[in-house]
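Working notes for the structure below.
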Amino acid sequence: MDLLVVGSGFFGLTIAERAADAGRKVTVIERRPHIGGNAYSEADPETGIEVHRYGAHLFHTSNATVWEYVNRFTTFTNYVHKVYTNHESVVYPMPVNLGTINQFFQAAYSPDEARALIKEQAGEYDVKTAQNFEEKGIALVGRPLFEAFFRDYTAKQWQTDPHKLSGDIVSRLPVRYNYDNRYFSDTWEGLPIDGYTAWLERMADHPNIDVKLDVDFFDESQPLNRKALVGQVPIVYTGPVDRYFDYAEGELSWRTLDFEREVLNIGDFQGTPVMNYPDMDVPFTRIHEFKHFHPERKDVYPDDKTVIMREFSRFAEKTDEPYYPVNTPADREGLLAYRELQKGEKDVHFGGRLGTYQYLDMHMAIGSALTMWNNTLA
Ligand code: UDP
């Protein structure tokens with residue numbers, strides 16, 4: 001073995017694939033019984049509809065290197081992500097665009113009129129000087145829209161004082177003064193034509209890659225463990241950074257998700273892939289309806305059944321799958337302490353959403369793995 005990769009999500013598999021292509025013998029260990037981390041998807045047993053088990057994953061990027069790289073393993077459909085949001089039993093397009101604004105205010109504002117209105121409703125807040133989620137959100141869409149579409153959704157999603165959340169979280173979403181309601185603004189977008197798992201399996205399908213499932217790096221009763229291998233072989237670690245150091249600098253806070261999956265005996269539940277629920281009287285944040293991610297499969301998917309999944313968010317315990325770094329000021333201090341500890345670890349490279357405690361999208365994880373490979377490991 002020339003390289004051990006801990007974790008088989010997009011970061012780990014990209015490193016493994018590049019290393020294998022360069023002639024290195026790579027072992028990938030994965031604690032779960034399947035590869036792919038939270039991007040893993042599977043056919044629902046009753047309907048055959050592809051379900052993203054850990055929540056909807058939508059691929060998009062403006063990075064030409066990443067786009068070229070991912071196309072080696074899969075082609076993409078022409079799916080374009082659009083989201084709607086159900087506020088007080090009225091459905092609006094998300095992200096906030098001129099359609100949302102005009103529907104909310106029952107008006108017919110022009111782009112310039114809408115800009116002037118939102119600026120007035122943003123009051124003292126300005127996008128350039130906003131210090132946190134709340135200030136940035138109000139600066140971007142004004143107080144009434146913030147309160148309708150962001151305040152309570154964010155309270156459910158993060159359960160954290162919005163003054164302690166980064167403004168970067170809200171600026172993931174564009175605000176548009178036209179009727180374009182695409183969720184993402186990237187150059188390339190689509191879903192893997194034969195599913196995420198087929199794509200992930202092709203990345204791992206190389207004679208130099210050995211994937212071992214159900215293997216926990218911290219379990220010293222099996223040979224591929226931290227104690228036995230650190231310093232013996234180069235390691236790329238993509239698990240939670242605080243876990244690696246046995247929480248020596250305290251626990252970083254993570255959000256995890258719970259999903260309630262349901263098969264319904266109707267052809268179409270909500271007419272769209274994702275409906276957000278931004279109000280407090282509904283406990284979940286959104287409902288996914290998976291058949292709508294692949295309209296091109298309509299002849300193979302049943303027309304009298306559909307699979308939906310309600311998404312609930314909560315703080316992760318140590319035994320839960322971490323999904324989102326909360327990244328409060330206290331977390332950022334903890335992260336700096338962990339970065340100091342990392343310097344003492346010989347030939348251990350931390351990567352991915354969990355290993356760097358960064359809110360990375362799939363294309364960002366792949367891009368940063370390519371950079372780590374080219375700059376450090378190759
Ligand atoms: N958000 C919101 N209302 C929405 C959608 C998003 O308040 O209808 C906020 C929320 O805080 C969320 C953040 O914007 O965590 C980023 O949204 P995104 O859809 O990018 O989150 P993800 O899909 O990664 O969970």
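The values are calculated or read from the model by the stated rules, or taken from the named source; none is laboratory data. Owing to the predicted nature of the structure, the values given are computational and were not obtained by experimental measurement. Here the Cβ is made from the backbone with ideal geometry for all residues, glycine too, and neighbour counts use every protein chain on show. When the accessible area is computed, the model is the full protein with side chains, heavy atoms only, and any ligands, DNA or RNA have been set aside. Shrake-Rupley method; radii C 1.70, N 1.55, O 1.52, S 1.80 Å.
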*Scan region 21-40 for residues that are under 18 Å from Val241 (Cα atoms) and part of a loop (DSSP other than H, G, I, E, B) and jot them down.*
Glu30, Arg31, Arg32
*Looking at region 213-234, which of its residues are more than 16 Å from Phe10 (Cα to Cα) and touching a residue at least 40 places away in the same chain (Cβ under 8 Å)?*
Asp214, Val215, Asp216, Phe217, Leu224, Leu229, Val230, Gly231, Val233, Pro234
*Have a look at Val300, Val282, Val326 and point out the one that is open to solvent by 40 Å² or more (accessible area, probe 1.4 Å) and among the β-branched types (Val, Ile, Thr).*
Val300
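Conditions (1) of a type in the set (S, T, N, Q); (2) within 14 Å of the ligand (Cβ to nearest atom), marked per residue:
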{"residue": "Arg115", "(1), (2)": "no, no"}
{"residue": "Lys119", "(1), (2)": "no, no"}
{"residue": "Thr129", "(1), (2)": "yes, no"}
{"residue": "Ile138", "(1), (2)": "no, yes"}
{"residue": "Asp152", "(1), (2)": "no, yes"}
{"residue": "Leu165", "(1), (2)": "no, yes"}
*Of all residues in region 79-99, which are touching a residue at least 60 places away in the same chain (Cβ under 8 Å), more than 10 Å from the ligand (Cβ to nearest atom) and among the hydroxyl-bearing types (Ser, Thr, Tyr)?*
Tyr79
*Only one of these is in contact with a helix residue (DSSP H, G or I) (Cβ under 7 Å, 6 or more places away or on another chain), at positive phi and either of a type outside the set (D, E, K, R) or modelled with pLDDT under 95 (or both): Gly352, Gly367. Name it.*
Gly352
*So which residues in region 146-161 are open to solvent by less than 40 Å² (accessible area, probe 1.4 Å) and assigned to a loop (DSSP other than H, G, I, E, B), if there are any at all?*
Thr160
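Matching residues to (1) buried (at least 17 other Cβ atoms within 10 Å of the Cβ); (2) out of contact with any Cys (no Cβ under 6 Å at 6 or more places or on another chain); (3) under 16 Å from Pro273 (Cβ atoms):
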| residue | (1), (2), (3) |
| --- | --- |
| Thr47 | yes, yes, yes |
| Arg53 | yes, yes, yes |
| Thr61 | yes, yes, no |
| Thr74 | yes, yes, no |
| Thr85 | yes, yes, yes |
| Val91 | no, yes, yes |
| Thr100 | yes, yes, no |
| Gln106 | no, yes, no |
*Does Arg18 qualify as being at pLDDT 95 or above, open to solvent by 10 Å² or more (accessible area, probe 1.4 Å) and not in a helix (DSSP H, G or I)?*
no
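Has region 189-205 got at least one residue that is free of Cβ contacts under 8 Å to residues at least 60 places away in the same chain and under 20 Å from Ala369 (Cβ atoms)?
yes
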*Across region 117-133, what is the number of residues that are open to solvent by less than 60 Å² (accessible area, probe 1.4 Å), closer than 22 Å to Asn178 by Cβ and of a type in the set (A, V, I, L, M)?*
3
_Selected residue (only one of Thr74, Thr61 is within 16 Å of the ligand (Cβ to nearest atom), of a type in the set (S, T, N, Q) and more than 27 Å from Ser221 (Cβ to Cβ))_ = Thr61
